[in-house]
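What follows is a set of notes on a single structure, which appears directly below.
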Amino acid sequence: MSLIDLSGNLLFVAFLAYLVATLLFGGAIKQSNASGKNTDKWGKLAIVVTIIGFLSQIGYFITRWVYTGHAPVSNMFEFTTAFGMFIVGAFILIYFIYRLTALGLVALPVALLIIAYASMFPTEVSPLVPSLQSHWLTIHVITAAMGQSILAISAVAGLIYLLKVVDLNKPSKQRFWLEAVMYCLVVVLGFVIVSSTFSAMDYESKYTYIDKEGMSRQITYNLPPIFGMNEYEVVEEHGMSPLVEMPALINAKKLTTVVWSLLIGSLLYLFIRLIARRRISAIFQPLVKRVNLQLLDEVGYRSVIIGFPVFTLGALIFAMIWAQLAWSRFWGWDPKEVWALITWLFYAAFLHLRLSKGWEGEKSAWLALIGFGIILFNLIAVNLILAGLHSYA
Amino acid sequence: MENIICACGHSNPFGTKLCEKCGRPLTEEEKQNKVVDMRYDGTAIRSKTYNKSIVDKIWNFFSSVKVGIALIIITLIAASIGTLLPQEFYVKASDMEKGAYYEDVYGFVGKIYYTLGLSDLYSSWWFQILVGMLAVSIIVASLDRGIPLYKSLKNQRVKRHESFLKRQRIVAEGQITASPEETLSKVEKKMTEMKYIVRRDGSALLAEKGRFSRYGPYINHVGLIIFLTGVMLRLVPGFYVDESIWVREGETRAITGMDGYFIENRDFILETHDNAPQGEQLKQGVNVVAKNFQTDITLYKQPKDAIAGDTENLEKVRDYSIRVNHPLKEEGYALYQMDYRLNELKQMNFQLVNKSTEQSLGKVGIDLTNPKKEYDLGNGVSVKLLVYTPDFSGFENGVPQTATSVPNNPAFLFKMTTPETPKGETSFVAIKQTLEPLGENQYKMKFESVETRDMSGFTIRKDRTIPILFVGGIIFMIGVAIGSYWNHRRLWLQVEPDGHVLMAAHVNKNMFSMKKDLDAVTAFAGLPQYKDQLEPSEEGEESTNRGNTKKEGDNTL
């Protein structure tokens, strides 16, 4: 088995371990509801499996690093996978400070979704372009990802907090938005399902089109085309033809992916609702009934306070040092840079609101969720939609 | 404004909330509170005390955290709008064409975006004012609170009034059986063990740890201000140089912006990865991935007494290979490998040929950047270069025109003189095109070969603000780190001779760890069990026990 195959297998083992650990965390919480006696056993087993998964993923990271010769954070697959890994790492860290089992029930599924999302991107090893050939790639990207993952834990704590406090029996804005968050998670699952299904079928349709600068280009769809590119012409088509043609400004391929994900995600969501006969938030609510709200609030705040300096260092300061070396200027208002600044400003506002205005508990939990939303926007939308210097994948 | 005289006899400045000496609440509001607000330790904060004159009002505006947060949010939203469409400096169009570019590519939305100035948002006056206001807010708010807090923490008394202790979040009260002295000593021992600084005053004890963490926010604000000052200094002439030059292989050029320095481009190297295209690379239709952009250069310096423009006696400074991520650094300047152009035409070689016999009379090599006027081939044969257009773009009134001075599409008007044609024949030669404007010729300039060379594009930067930014960044990080990773813990203990104990504790964050310390000391010294006045005692009672619920409505917190 070559090193790269070993690396792939280790990642797979990690994925399975996280899956098992999620179930064990669920078991741990369920048990504590009943008698409280077995909690420790289940909880201990769950964290042990999580750590096994984490070590396995570190194994993936190191073997891939050795194989490629550079830190495996240079494209969408590698970075997003590492982000998932650091979330698990941050969870383990926070777990050992606070011993809060409920965190695992949300942190691990989030990490699982992120890793699954990552593996929808090309996983091949690609060589580095000159601007990425620097030690700062390792330093900047890993520190930034660590900061983001620690910040993500505050959203995990926030989500659990909200699942407990939001009254799901009365219609309210809170109930709506909480369910919207759950729906978004299901849509990500929808994306993973639809992408992996068609990629397993080796689906491809090819078209030529005219881009916004008037150049003729070729594009390959990996999902059946719902939207066609500007003035597209068929090169090779399977299954269906595009239903609508889009103007040059809109990337119809990406739009197709988004619509497919929404479609499958919504169907999945409806299916869950029909089977369970209640909201997804309501499915989880009984599981978190016993959590200590004060402790959750503290965890949410602590993770912001631990993550904020790490994020500043990695995503702004190290970023500026590298930008000065590679691009001759430390700051260039590139979309990725701007969104890192926005994330930073947001968490600065979060801390000021909390410390000076007393925004604790529920308000703080909502803010933590919005913050994580901004981090995900910077990861997904900025790379894939707002083209800039960072769109390596 | 009059000073407030506390019951203990201490005279406090107007606006003080908790007596500086004994900690008794001085305002009605504080007296009502079950748990006092310890954020600034109850000292008089200027912005919350005075609100009469214009200066007060401006001061209060900028010192308000509410205003500060609003400024952060507005900046954040403004910054995000600037990422919707590419900013002007990333658009490859001349200044004149930019408006048209936005309209062409992004339609009506693009036109509005450009017209509103959003396409150059970050250098717009209003965005800069926004950042400036944020800076003022940071300075004012820090002075407003930081100084009183520092004074108050520095002059802390050990002994505090009962009403102060009872209004802390953590309070313990009860009787002990052990002797007061023994209890105090035990607490002192345990707290010292846990790295607290312990002070005693009669029957009172104050244990304190990590006070410096309270200054973290103020330190990081100082760092931010230094950083922003550095950014502003770039506007001062001499602090910031940003130039770019193109240097051809084999050429030595003066470096723009870096007086007295010359650069020789010895060789430009482009290396590509020899991997088989796959995955994303294949999808985007990219066949090769660049591996290295490098220019081997020699840096020269003019001697001190040299006349400007004298390139004869250059002193060699050093050889260097400028690569991406590895700029050349010299005397505060840095030269970056930013761009390249491959295979620029350097020289064109022709043969002067007799059309009918195909016999060559000699070779003419024309240096395209520095052509000669006349090429003498000997034996009465010569070629005159009447007109040379490096980038031929067509005729205007019969005269050939050039679009640029770069030899992209060279064209020549030759006058060929041979013993057979002593008057000379005129021929216009361009790439894939020959014209004989004055009738049929006997001779022609036959194209033979072309020599090319590469060009390197360098950016020259000098940024004397970098050290300032660096210092600002480091101070900011130190401030954030000490404010985030350390916390200020205090424990007050008073043991009356009759065995009555009153203990209180305060921590600015991370109550979780504080409680661990408290548990340890309580067990060790046999103190009464403490209670958390903010913690809901039982489920369902949360709302009544939230203590400081007024916080949110307060005006200029």
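Any read-out appearing in this document is the output of simple, stated calculations on the displayed coordinates, not a laboratory observation. Bear in mind the structure is a predicted one, so any value in this text is a computation, not a measurement. Don't worry about glycine lacking a Cβ; one is built from the backbone with ideal geometry, like all the others, and counts go over all protein chains shown.
Here are some notes:
- By the rule of a second cysteine Cβ within less than 4.7 angstrom, the protein assembly as shown holds isolated cysteines at A:C184.
- Counting neighbouring Cβ atoms within 10 Å and putting the fewest first, the residues B:D95, B:D267 line up as B:D95, B:D267.
- Full-stretch length increase - B:D274, B:R341 - with 0.36 nm per residue and alpha-carbon distance subtracted: 22.0 nm
- Normalising the average separation of contacting C-alpha pairs (under 8 angstrom, six or more residues apart) by the number of residues puts the relative contact order of the stretch A:1-121 at 33 percent.
- Centroid-to-centroid, using Cα positions, the stretch B:13-39 and the stretch B:469-516 are 20 Å apart.
- Both radii are taken from the alpha-carbon atoms of the stretch B:139-283; with Rh as the Kirkwood radius, Rg/Rh is 1.39.
- Length added when fully stretched, B:S179-B:Y150, from 0.36 nm per residue minus Cα-Cα: 6.8 nm
- Simple rule: put +1 on each Lys or Arg Cβ and -1 on each Asp or Glu Cβ in the stretch A:237-393, find the dipole, and look at A:A323, A:S241, A:G373; the Cα lying farthest toward the positive end is A:G373.
- Computed over chain A with a Gaussian network model linking Cα atoms closer than 10 Å, the most mobile of A:V259, A:V73, A:V106 is A:V259.
- Placing dummy labels 7 Å off each Cα toward the beta-carbon, the span from A:R217 to B:E420 is 5.6 nm.
- Order of B:E251, B:E208, B:E28 under a 10 Å beta carbon neighbour criterion, fewest first: B:E28, B:E251, B:E208
- Helices assigned as whole DSSP H runs in chain B whose Cα atoms extend at least 15 Å along their own long axis and whose mean Kyte-Doolittle hydropathy is -0.5 or higher are found at B:65-81, B:125-154, B:216-233, B:466-485, B:511-525.
- Spatial offset of the stretch B:121-151 relative to the stretch A:121-165 amounts to 31 Å, using the alpha carbon center of each.
- Using only side-chain charges placed at the Cβ, +1 for Lys and Arg and -1 for Asp and Glu, the dipole size of the protein assembly as shown relative to its Cα centre rounds to 4240 debye.
- Among A:G158, A:G69, A:G371, residue whose mean-square fluctuation peaks in a GNM of chain A (springs only between Cα atoms under 10 Å): A:G69
- In terms of distances greater than 20 angstrom between alpha carbons, the cross-link table entries B:K151/B:K189; A:K44/A:K363; A:K30/A:K289 yield B:K151/B:K189; A:K44/A:K363.
- For chain B, relative contact order (Cα pairs under 8 Å, six or more residues apart, normalised by length) works out to 19 percent.
- Exposure proxy ranking, count of Cβ atoms within 10 Å, fewest first, for A:T208, A:T257: A:T208, A:T257
- Between helix A:293-311 and chain A: long-axis angle, C-alpha atoms, 0 to 90°, nearest 10: 40
- Positive-end residue, the stretch B:1-159 charge dipole about Cα centroid, Cβ charges, pick of B:N3, B:L118, B:Y106: B:N3
- Set of aspartates and glutamates with alpha-carbon distance to B:K444 below 18 Å, sequence-local pairs under 8 removed: B:E358, B:E374, B:D376, B:E420, B:E425, B:E436
- Span from the the stretch B:71-114 Cα centroid across to the the stretch A:43-119 one, whole angstrom: 38
- For B:Y443, distant residues with modelled amide H under 5 Å away: B:K355
- Pairs from the table (B:K21/B:K57; B:K509/B:K531; B:K34/B:K509; B:K92/B:K346; B:K31/B:K66; A:K253/B:K92) lying more than 22 angstrom apart at Cα are B:K21/B:K57; B:K92/B:K346; B:K31/B:K66; A:K253/B:K92.
- The charge dipole of the stretch B:89-203, taken about the Cα centre with unit charges on the Cβ atoms of Lys, Arg (+1) and Asp, Glu (-1), comes to about 1000 debye, rounded to the nearest 20.
- Of all the options A:I47, A:I115, A:I226, the one that moves most in a Gaussian network model of chain A with Cα springs shorter than 10 angstrom is A:I226.
- In a fully extended conformation the segment linking B:N3 and B:D95 would gain 26.8 nm over its present Cα-Cα distance, using 0.36 nm per residue.
- Applying 1/(1 + (r/R0)^6) with R0 = 51 Å to the Cβ-Cβ distance of B:N51 and A:L93 gives a FRET efficiency near 0.65.
- Calculated [222 nm] ellipticity per residue, helices only, for chain B: -9000 deg cm²/dmol; basis is -39500 (n - 2.57) per DSSP H run with n ≥ 4, divided by all residues, nearest 500.
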